[in-house]
Ligand SMILES: [Fe+2]
Ligand SMILES: [Fe+2]
């Protein structure tokens, strides 16, 4: 079942498991084997949520604006940690600092997503729509599986929300002219 909220939880489980796996590794090549795919998934997961999940949450959620502003800010903190780690030799103290800051930012972010954004979305979105979005989420992850061509730069949370809200009202305006709406798509 590819309900997008379930797919997001599945990635979160992978994050928890792979961060834990780093605790049991110490040779640089072992660390690289775990961190490479983990860092990649952190980037792709955040980008996929920003491309597919949060735009829909903003159309449907009860408290979506606050949840989205928080999430984009958290994604930036996670990206900063990943980038910090990338600047240092794997296994060095500075590398671990970057990994730890990504881990800490990600843990608190997952809790917020799981306690606020995902429940808000489930309450306001029928399962059939969540499944369709799940297919889009999976396709995005497949298309960007190596994070190639992915915009992993930090995003201004308010500008991100404003841009999507502008799209939503443009869609509504078109709809009132009979051109069709973004809402609910
Ligand atoms: Fe997430
Ligand atoms: Fe997220």
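The values are calculated or read from the model by the stated rules, or taken from the named source; none is laboratory data. As the structure is a computational prediction, the values presented were derived from the model and not from experiment. So basically every Cβ, Gly included, is an ideal-geometry build from the backbone, and we count neighbours across all protein chains shown.
A few comments on the model shown:
- Among the residues listed as 18, 113, 43, the single one being within 24 Å of residue 151 (Cβ to Cβ) and touching a helix residue (DSSP H, G or I) at 6+ places or on another chain (Cβ under 6 Å): 18
- Condition met for residue 46 (under 24 Å from residue 126 (Cα atoms) and either surrounded by 15 or more Cβ atoms within 10 Å (Cβ to Cβ) or under 11 Å from the mean Cα position of the chain (by Cα) (or both)): yes
Conditions tested, residue by residue: (1) away from ligand 2 (no atom under 16 Å from the Cβ); (2) closer than 14 Å to residue 57 by Cα; (3) surrounded by 15 or more Cβ atoms within 10 Å (Cβ to Cβ); (4) modelled with pLDDT of 95 or more.
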| site | (1), (2), (3), (4) |
| --- | --- |
| 114 | no, yes, no, yes |
| 125 | yes, yes, yes, yes |
| 140 | no, no, yes, yes |
| 144 | no, no, yes, no |
| 148 | yes, no, no, no |
| 151 | no, no, no, no |
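- Residues that are over 13 Å from the mean Cα position of the chain (by Cα) and surrounded by 19 or more Cβ atoms within 10 Å (Cβ to Cβ) were ranked within the range 71-101; the one that is farthest from residue 8 (Cα to Cα) is 95.
- Pair list, Cβ under 8 Å, 6 or more apart: the range 107-127 residue without any contact (Cβ under 8 Å) to a residue 40 or more places away in the chain and within 15 Å of residue 66 (Cβ to Cβ), other residue more than 12 Å from ligand 1 (Cβ to nearest atom) and part of a helix (DSSP H, G or I): 109/77
- Matching entry among 91, 98, 171 (being without any contact (Cβ under 8 Å) to a residue 24 or more places away in the chain, more than 16 Å from residue 56 (Cα to Cα) and away from ligand 2 (no atom under 16 Å from the Cβ)): 98
- Residue ID - nearest to residue 83 (Cα to Cα), chosen from residues in the range 23-37 that are surrounded by fewer than 22 Cβ atoms within 10 Å (Cβ to Cβ) and within 18 Å of the chain's Cα centre (by Cα): 36
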